[in-house]
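Some notes on the structure that comes next.
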Amino acid sequence: MTRAALVTGGNRGIGRAIAAGLVARGVKVTITARDRAEGAEAAEALGCDWALADLLESDSLRQFDGAPFDILVNNAGILPSGSLLDNPQGYFDCMAVMVDGPFRLTLALAPGMIARGYGRIVNLSSGWGAFAEGLGGPNGYGIAKAALNAQTLALSQELPGNVKINAMCPGWVRTRMGGPGANTSPEDAADTAIWLATLPADGPTGGFVRRRRRIDW
């Protein structure tokens with residue numbers, strides 16, 4: 001059976017590498033992008049579909065209500081500058097993109113996954129969102145990732161075992177967000193996400209993972 005996957009922010013960086021890896025495994029992939037030209041270019045290069053969506057605009061996610069995706073990869077993220085008090089809008093944007101957006105998409109797709117008896121949800125988090133690692137990052141980034149971690153664990157307690165949901169830390173990655181000095185390539189970072197997106201029936205759920213190994217929240 002051919003599975004269908006939705007990868008947010010799949011036009012570049014880690015998301016693009018995840019999409020490429022899933023396409024290579026025979027998955028029918030749809031990526032989202034905020035820019036028409038970038039979305040179209042990436043989809044053509046990857047051999048997948050694309051949809052115009054901006055997680056800052058919740059109405060743009062309504063198009064996915066009830067869509068028959070078996071796999072959801074909540075990859076899209078932002079990294080605002082400035083402190084929480086000096087740039088409070090950065091906090092609200094972080095929560096919209098990295099907490100509310102993933103939850104809205106899970107609400108849209110999980111009922112279909114449950115009905116079909118199969119689902120894999122992967123939330124791209126960060127060690128900056130781990131209390132065990134000090135809860136770091138600029139502005140609201142670490143707060144949003146910590147909330148995404150909590151959301152992952154809470155949903156794992158409500159979803160049936162055949163709909164698996166996990167969070168993962170990709171590490172410090174050479175992307176536009178991570179910068180050229182990062183020590184991990186997008187392809188290496190994508191490996192764990194692809195693994196979680198294609199877990200077998202006895203695979204884990206409700207975990208926080210880095211390089212295919214559980215880490216502390």
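Bear in mind these aren't lab numbers, they're just calculated from the coordinates by the rules spelled out. No experiment lies behind these values; they were computed from the predicted model shown. Here the Cβ positions follow ideal geometry from the backbone for every residue, glycine too, while neighbour counts run over all protein chains shown.
By the beta-carbon count within 10 Å of each Cβ, the least crowded to most crowded order of S125, S60, fewest first, is S60, S125. Estimated from the Cβ-Cβ distance and a Förster radius of 35 angstrom, the FRET efficiency linking N87 and L199 is about 0.40. For the chain, the Stokes-Einstein estimate of translational diffusion at 37 °C and a viscosity of 0.692 mPa s comes to 194 µm²/s, using the Kirkwood hydrodynamic radius over alpha-carbon pairs.
For I14, I143, what's the fewest-to-most ordering of other Cβ within 10 Å of each Cβ?
Details: I14 29, I143 19.
Arranged by neighbour count, lowest to highest, I14, I143 become I143, I14.
Separation of the range 45-82 from the range 103-160 is 15 Å, based on Cα centroids. Each residue of the range 108-123 was assigned a 3J(HN,Hα) from its phi angle through the Karplus curve 6.51 cos²θ - 1.76 cosθ + 1.60 (θ = phi - 60°); the sequence is 6, 9, 4, x, x, 4, 4, 5, 8, x, 7, x, 9, 10, 10, 9 Hz, with glycine and proline shown as x. In this label model, D59 and R116 are separated by 2.9 nm, measuring between points 7 Å along each Cα→Cβ vector.
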